[in-house]
Structures are given as C-alpha cells and as structure tokens.
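Structure first, then comments.
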Amino acid sequence: MMFYTLVRKDLLLEFRAKEIIIPMFAFGLAIIMIFALSFNASQAINHAFSPGLLWIIILFISSLGLNRMFVLEKEFDAFTLTLAAPVDRGIIFLSKAISGTILLLIAEILIIPPFIIFMNLTIPSDWHIMVLILLIGDLGIMSIGAIVSGLSMRAKLSEMLLPILFFPLVSPHIIACVKSTNYWFKGLSFINWQSWIFLMISFVLVFFLLGFMIFEYITEE
Amino acid sequence: MELFFSKRINVIVAVFVFTLMVFNIYNIVNNTPMVPDQFWAQKIFYFHVPIAWIGFLSYLIVMIAGILYLINKKTVWDHLGFAAAEIGTLFVVLVLITGPIWAKPIWGTWWTWEPRLTTTLILFLIYVGYFMLRTFGGHPERTSRYAAVLGIVAFFDVPIIFYSVRFWEEKYQSHPQVEITKQNPEIVLPFLISLAIITILFSFMLKYRLHVLKVTHNRKID
Amino acid sequence: MYTINNIYKSFYHRAILEDISFKVNQGDMIALLGKNGIGKSTLLRILGKISQPDKGTILYNDANIYKEKAIARKGILYLGHDVGLYPSLSALDNLKFACAIHGKKNKDSSIISTLNQLGLSNRMNDQIQIFSKGMLQSLKYALADLIEWNILFFDEPFSYLDLKGRKSAQDYIDKWIENSKTMIFATHDPQWSLLYCSRLLLLDNRKILFDQKTNDIDINKIVKILR
C-alpha cells in the first residue's frame, strides 16, 4: 500500500541521513540543561513544573523536526516524485503525520531519561499510562504539524513561519497534554482527568480528518 | 472613478453609520442603568461583548469564504476572506484592549486567563500567522489558496481552544457577561441596540474593504 | 488520450500561460519549444499535476485529473528539470521507492540491471548527493525504463549529459519511439525536434504559437522566433 511505502521511505530517509532525530535530541538536551541551570530549584518545585516543561520541550523539538522533515523533501525537488505519482494527497498527509509521530516518539525516548535525571524526578510506577499520553499527544502535534508544514514548506522564511503558525494552533492540545501529565504525575486516578484525554483524542480525530481532506489544496504550487 | 466615496450612496451610508455610532455612545452613556460595584467600567460591556461576537462572526466568514474559494476559485471569495480576516483581527485587538480595561476595576488585575479572553488571544496569534502567510507564502495565486486552508483550520480549532481553556481555569466559569444579564433586564435592550449598530458598522467596513481589494486587484492585472 | 483545455497560469498577477489548449493522441512524440522562461517547465508541471493552473481542466483518458482519485493518474510519468529524487538515499533505494510509488513492484535484479546499462551499478549503494549532474540525469532514464508508463513528460532530456550519456539517452528515446509511446519533451533544440519528433508545439507570448506535424514546418521560422 502507498501509505506503507511512504512511511517506510520517511523512516529510511532518517535512518540514512540522521538529520532529524539527532538535532531534535540535541536541542531538547540543550533546553533541559538551560532550565536546570537557570532555575536550580528544589525537588518539590521541579515536580510541580516538570509536566509543563516536558511539553514545552516536546513542542520545540517537534517544530524543529517538522521543519527538517519537509526540508528533506525540498532538496533536489524530491517531493515532485511523490506528487507526480498516482498517490492521493490525503495519503501523503497521513504518512507525514504518522512518520513524524514515530520520529518524535524515538526522540522522546532519548530525551526523557536525561530529563528525569537532571530534574531529579521520581516517576510513578504506572509509566505505561505516560506512554499512552505521549502517543496521543504526539499524534495531535503531528497532525496539525503536517498541515502547517505543508503550508509553510514553499514559503520564504519557512523556518520562521512554521512556529508562528504551529504554536497557537496546537496550544489547546498542549494544555490538555500538560494537564494529563500533571494528573498522572500526581498519581490521581484516571476518572479525575479523563476529560483531558478525551479533549486530546478529539483534537487528533478532528485534525487527522481535516488534514486528510484538505491536503490536496496545500501540496501544489 | 474607483474611489469608494465617489459614489453618492456610499457617502450617505457612511454618514448614517457614523450617526448611529454617535447615538449608540450617547445611549450607553445616558440610558443604561448603573451597575452597583462596577459603575462606569461596566459600560465597556456594551462595546466589548458585541465587538467580540462580531469578531468571531468575522472569522466564521473567513472560514466560509475559504471553503467557497477552494470549491470554485472565484476571486471574490478570496477577497471576502481577506477582508473579513482584517476586520476580524481589528475587532479582536479591540476586545483584547477593552478586556483589560474592564477587568482592572472589577477583578483587580489587567489580565486573566478567562476562557473567552484567552481564546481571543490565541485566535489573534493564529491570525498574525495568517497575515504572515499571506505576505511570505509566495505568489498571490498560491497564498490565496493557502490562506483559505488556514482560515478553515483556524476556525475548527476555535471550539477546542475554548473548551480546553474553560476546563483549565475553572474559577472563571462565570464571566461578568453572564452574571449581568441575569441581574438586570434594563441592560438587555441597550445591549441589543449596540450589537445591531456594531453589526451594521462591520458590514459597512467589510463592503468598503471589499471595494478597495477589488479595485487594487483589477489594477494589478492590467 | 491527454486533453488540455483552457489552461491559465499567473505568477504575481503576471500571466505566464493564457488559454492553452491542445490534445495529445496516442503515439504522439511532441517537442515543446520556446525561449528561456517562456513557461515550458511551468506547463509541464501543470500537466504532471505538480502545479495547479488558475483556470482550466485536464483530461487523461476522459478522466478529469483534478476531480478523480489518484489511481486515475496511473500511467503518467513526469520527469522534471530538477533531480526529483532524495539526495540522502542511494540510487537503488530511490529507484525502489519510485517504482513502489508508481505501483510497480520491481525485483532488485531488474533495477540493478537497468543501472548496469547506464553504467551506474558500481555506484548504486552510494547516496546520490555525491553523483555528478550527468549521472543524476541518467537516473531519470533508469526511472523511465523501470516504471510502466503510458505518457511521459520530460523536461530537458539532454541537460548535463556528456556524449556517452547522450548516446545512451537517445537509445532509450529511439526504443520508445519504436514502441509508439506517447511523449512530450520540453527542449531547446529545434534541430533534434525536427529529426525525432512527430509534432512541434511552440510556446511564445503566453500562448501556443503553433502546433503542427513536423513535416509541415520550416526550421528557419522556428529559429527566428526562438531568437
């Protein structure tokens, strides 16, 4: 299937070029260091701020990753190959969103251990719930990210335009991710914060659907 | 001649709208009851809320114009979207200015993370991006299409933004807007008058902007 | 087979293409001629659905390529002026992906043998960003050889090719002509067009100046316009 071919191509591209995950990791690490050094706070304060801080880091590295993903398509005009082929534009959108999610997840797996260490955190035992939050969070980020990247890809100053469009649009989703992470971190049971997870899931559904239908209009010159 | 105000009817309507606004201000200053604890600051309510509603209506128009433009590519929809985006953003800026002016005497701070106000702020930021896209997105034939898409995406985001902020700051569930209308029925009539007049003002501004865009566009293609 | 109706395209309110219409029949070998910057590449990009026209429709086997699902475009191959492949991937990976995306499952062995024919098999696992421009151009011919297409749009078929490369390219083109394949080439070479193409389309001043069978054309007229 075309979708599988496209995702496989994106992952192979990253495997060969290594131009996305490593910069994301390096950038994330730099932000962690700056925060840890600037604030040098007690463990209690760290625990209070770390959910928000984690998602700020994820937001920034996503912005970097998205930019890189679409720059790779622009080099040598490679995107033309996919556009000229008999592939539905909506499938291109889905493949970008899903491969973006996978790459972001890998970057997060790399960045979370240093984050825990430098912020001196104690993690609740049910970490598999956090994995779920990260997964839904990343899907939401990448769905709106793929749409916005498609818009800014051909623009002048695309590195500047992407974050300006991306951050406000994704902010409600980030609020929900931070809240969910916060409640999980405090060890509260799911009933307390299920509305936030539902908000995140609605965001993912709305923008995956919208992106799939609308990508047709974004890809062409 | 292409000047908007060279047409007699437009001048007449402009004068009429101006008169209505003057009447509106007079009406609000003199004929509305004083709300205890809020006094003069509360009068901003008669501007702040209609402007907010019309601002959101404007963004709804951007979305609808965007959908229509993508369907049949007629320039008029692109112009409608752009004009509505401009006026909507102007109104939204006014909301963000009048909000703190109202908030300070009543809540004691300039800014609060009240759901409606925060949604308005985020929407304003999205539209800063919209205008940047229009400017830097490439040739106008492409940016029209991209701006249409952004207008649609932005409006789909609005309910999600509103609900996320509402869950987030639960203490701001009761906005003075809701409280006041529950209290005093004498407030409702001037409010509706103000709403009607501001809507008329908005329509007039939209018509003017559309005219300018059409003339500029025609000049560019020649 | 491929019908182009009333295509308009502008950039920054300046019209590049105005009311372009023509019909491509099966077996046509068309040369698209015109000065630099006249809109040949733009037109080909519109035909390949890379670029959207401001107005107009395109029918491929009676299906509107803007309304139908993507599968209706199977059989169209567009080779642009730029490379159109991923610099970080190898020649082999790029071709495997290109075949897969065009719906053709090709065994590695057939890809390798095509690369062999073009003299690229010893570089097939190298990232193509280190290839010379001539080698990159040869890769486009590999693509055209491996993918099954019904209509080919090729922008500047001979750019960057040395003599050996040109001979190799011409061999492929001869093979396609023999098999009565349908092709449109954007080119700067009127002599070559008259020799090999069955039909000439001359683009000038935003319109198609003429569209005639090669036999009926006077080369001096063309050269004069191209100057």
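The values are calculated or read from the model by the stated rules, or taken from the named source; none is laboratory data. Because the structure is a prediction, the values reported are computed rather than measured. Using ideal geometry, Cβ is built from the backbone for each residue, glycine included, and neighbour counts are taken over all protein chains shown.
Condition first: of a type outside the set (Ser, Thr, Tyr), more than 16 Å from B:ALA84 (Cβ to Cβ) and free of Cβ contacts under 8 Å to residues at least 40 places away in the same chain. Now tell me which residues in segment B:130-145 satisfy that. Result: B:MET132, B:PHE136, B:GLY137, B:GLY138, B:HIS139, B:PRO140, B:GLU141, B:ARG142. Residue count for segment C:1-31 satisfying the condition of being buried (at least 19 other Cβ atoms within 10 Å of the Cβ), more than 22 Å from B:ARG219 (Cβ to Cβ) and of a type outside the set (A, V, I, L, M, F, W, C): 2.
Counting residues in segment C:146-160 that are modelled with pLDDT under 90 and buried (at least 16 other Cβ atoms within 10 Å of the Cβ) gives zero. In the set (1) in contact (Cβ under 8 Å) with a residue 12 or more places away in the chain; (2) within 9 Å of chain C (Cβ to nearest Cβ), A:LEU29 fails one condition alone, (2).
Scanning segment C:61-76 for residues that are surrounded by 17 or more Cβ atoms within 10 Å (Cβ to Cβ) and within 26 Å of A:MET69 (Cβ to Cβ) turns up C:ALA70, C:ARG73. Name the residues in segment A:20-49 that are buried (at least 16 other Cβ atoms within 10 Å of the Cβ) and assigned to a loop (DSSP other than H, G, I, E, B), would you? Listed by number, the list holds a single entry, A:ILE20.
Looking across segment A:169-221 at every residue that is more than 8 Å from chain B (Cβ to nearest Cβ) and not in a helix (DSSP H, G or I), the one that is nearest to B:HIS139 (Cα to Cα) is identified as A:GLU220. A:SER180 satisfies every condition listed in (1) in contact (Cβ under 8 Å) with a residue 60 or more places away in the chain; (2) closer than 22 Å to A:ILE116 by Cβ except (1).
Evaluated against (1) facing another protein chain (nearest Cβ under 10 Å); (2) closer than 28 Å to C:ASN6 by Cβ, C:TYR60 falls short on exactly one condition, (1).
Among the residues of this structure, A:ILE111 does not count as one that is within 17 Å of the chain's Cα centre (by Cα), closer than 30 Å to B:PRO140 by Cα, in a helix (DSSP H, G or I) and more than 10 Å from every other protein chain (Cβ to nearest Cβ). Within segment C:119-139, restricting attention to residues that are assigned to a helix (DSSP H, G or I) and touching a Pro at 6+ places or on another chain (Cβ under 8 Å), the residue that is nearest to C:LYS107 (Cα to Cα) is C:ILE128.
Out of curiosity, is C:LEU115 buried (at least 21 other Cβ atoms within 10 Å of the Cβ), among the aliphatic types (A, V, I, L, M) and more than 22 Å from C:LEU33 (Cα to Cα)? The answer is yes for C:LEU115.
One line per residue, one yes/no per condition, for (1) farther than 30 Å from B:SER144 by Cβ; (2) crowded, with 23+ Cβ neighbours inside 10 Å; (3) more than 13 Å from chain B (Cβ to nearest Cβ); (4) modelled with pLDDT under 95:
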residue	(1), (2), (3), (4)
A:MET119	yes, no, yes, yes
A:ILE123	yes, no, yes, yes
A:HIS128	yes, no, yes, yes
A:VAL131	yes, no, yes, yes
A:ASP138	yes, yes, yes, no
A:MET142	no, yes, yes, no
A:ALA146	no, yes, no, no
A:LEU157	no, no, no, yes
A:MET160	no, no, no, yes
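Exactly one residue among C:ASP54, C:ASP82 is within 14 Å of chain A (Cβ to nearest Cβ), under 26 Å from B:ARG145 (Cα atoms), under 16 Å from the mean Cα position of the chain (by Cα) and of a type in the set (D, E, K, R), and that residue is C:ASP82. Looking only at residues in segment A:71-87 that are among the hydrophobic types (A, V, I, L, M, F, W, C) and in a helix (DSSP H, G or I), the one that is farthest from the other protein chains (Cβ to nearest Cβ) is A:VAL71. When the strands (runs of 3 or more DSSP E) confined to segment C:178-221 are screened for residues that are among the basic types (Lys, Arg) and over 14 Å from C:MET29 (Cα atoms), those reaching at least 1 such residues are found at C:207-213.
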